[in-house]
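Asks: Let me begin by handing over the structure; questions about it come next.
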Amino acid sequence: MVQGSGRRARRVGFVGVLWGAAELTVTVGVVVLLLVVHQVWWTNRQAAAAAQEQVQALERSWGRDPAPDVADGSDGSDLPEPAATGPVPGSGAGAVPGAAETAAGPEPGRSARPPARDRTDRAYAVLRVPRLGLVVPVAQGIDKRAVLDKGYVGQYPGTAGPGERGNFALAGHRNTHGEPFRYINRLRAGDELIVDMRGRRYTYVVGKILSETTERDTGVIAPVPRSLVKPDHGYGEPGAYITLTTCTPEYSSKYRLVVWGTLKSA
């Protein structure tokens with residue numbers, strides 16, 4: 001009788017351990033699910049909403065609706081040269097020198113490049129991609145916390161300003177935090193990429209796409225963009241270029257997807 005009771009007690013104890021382990025597993029699963037929902041869904045909503053508020057704030061500071069088209073040169077040959085600084089590897093991290101002025105517009109005949117003395121997390125332009133229905137603020141620098149995680153698009157330090165001769169190179173998240181560049185893989189040759197600043201609009205036309213390269217392929221954001229990994233992708237002549245970079249494949253940061261465009265003829 002005592003022996004039978006001991007067996008039952010052991011069975012009850014074993015079942016209790018299994019039940020406790022199952023409850024713990026379910027609890028951990030729920031916590032992980034909530035973290036995923038927060039990272040994938042909630043951060044998107046927060047960043048996207050904040051980015052749109054920033055776009056509206058910029059347009060209010062400019063005192064009117066988005067800037068009209070203006071003549072800014074046919075191929076960049078009459079545009080000012082960018083500052084001579086080297087490209088930066090990667091697409092979403094790193095300390096960022098320089099900065100951008102939210103409201104300052106260029107004086108006639110001068111570069112549209114934002115002053116280097118201002119904060120790096122302040123938006124100074126708006127990027128519009130009609131094919132994707134994308135409207136997103138542009139800030140100087142590619143620091144994750146200060147720029148990209150806010151849902152902004154960031155300008156690589158040392159690259160040309162909007163409309164300048166050289167390469168206006170941008171990075172943006174493909175997933176989470178507003179994911180402004182999630183669908184740039186859908187862009188095709190001939191699509192427009194519009195950059196608005198105070199009183200000025202620069203329209204670029206998509207010309208080439210590099211579907212995959214390494215994160216260290218700095219050639220893609222060089223003044224004359226050409227991949228160092230795949231040299232048959234890119235350009236060979238000076239001009240006024242725009243570059244969009246983001247991570248690929250989706251939900252991974254292993255490679256980079258690159259879209260290039262050139263300043264539209266007047």
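Every read-out reported here was derived from the displayed coordinates using simple, explicitly stated rules and does not represent laboratory data. Because the structure is predicted, anything quoted here is derived from the model rather than measured. Here the Cβ is made from the backbone with ideal geometry for all residues, glycine too, and neighbour counts use every protein chain on show.
Asks: Tally the residues that are in contact with a strand residue (DSSP E or B) (Cβ under 7 Å, 6 or more places away or on another chain) and either of a type in the set (Ser, Thr, Tyr) or under 25 Å from Trp62 (Cα atoms) (or both), restricting the search to segment 182-196. Outline the logic, then answer.
Replies: Step one: filter segment 182-196 for residues in contact with a strand residue (DSSP E or B) (Cβ under 7 Å, 6 or more places away or on another chain), giving 184-185, 187-196.
Applying the additional criterion that residues be either of a type in the set (Ser, Thr, Tyr) or under 25 Å from Trp62 (Cα atoms) (or both) yields 192-196.
Of the residues in segment 182-196, 5 are in contact with a strand residue (DSSP E or B) (Cβ under 7 Å, 6 or more places away or on another chain) and either of a type in the set (Ser, Thr, Tyr) or under 25 Å from Trp62 (Cα atoms) (or both).
Asks: Shifting gears a bit: Just one of the numbered conditions (1) under 19 Å from Arg256 (Cβ atoms); (2) in a strand (DSSP E or B) is not true of Leu228; which one?
Replies: (2)
Asks: Which condition number does Leu193 fail, the rest of (1) assigned to a loop (DSSP other than H, G, I, E, B); (2) under 16 Å from the mean Cα position of the chain (by Cα) being met?
Replies: (1)
Asks: Of everything in segment 140-195 that's farther than 22 Å from Thr248 by Cβ and among the aliphatic types (A, V, I, L, M), which residue is surrounded by the most Cβ atoms within 10 Å (Cβ to Cβ)?
Replies: Only one residue tops the list, namely Ala160.
Asks: Just give me the residues in segment 196-225 being closer than 18 Å to Gly166 by Cα and not in a strand (DSSP E or B), in sequence order.
Replies: Answer for segment 196-225, where residues must be closer than 18 Å to Gly166 by Cα and not in a strand (DSSP E or B): Asp217, Thr218, Gly219, Val220, Ile221, Ala222, Pro223, Val224, Pro225.
Asks: Of the residues in segment 231-261, how many are in a loop (DSSP other than H, G, I, E, B) and among the aromatic types (Phe, Trp, Tyr)? Walk me through how you get there before you give the answer.
Replies: Kept after step one, since they are in a loop (DSSP other than H, G, I, E, B), are these residues of segment 231-261: 231-233, 235-239, 249-254.
Next, only the ones that are among the aromatic types (Phe, Trp, Tyr) stay: 235, 251.
Of the residues in that region, 2 qualify.
Asks: Just wondering, is there one or more residues in segment 141-160 that are among the β-branched types (Val, Ile, Thr) and under 14 Å from Leu127 (Cα atoms)?
Replies: The initial filter retains those residues of segment 141-160 that are among the β-branched types (Val, Ile, Thr), namely 142, 147, 153, 159.
Still in the list and also under 14 Å from Leu127 (Cα atoms): 153.
Scanning segment 141-160 turns up at least one residue that is among the β-branched types (Val, Ile, Thr) and under 14 Å from Leu127 (Cα atoms).
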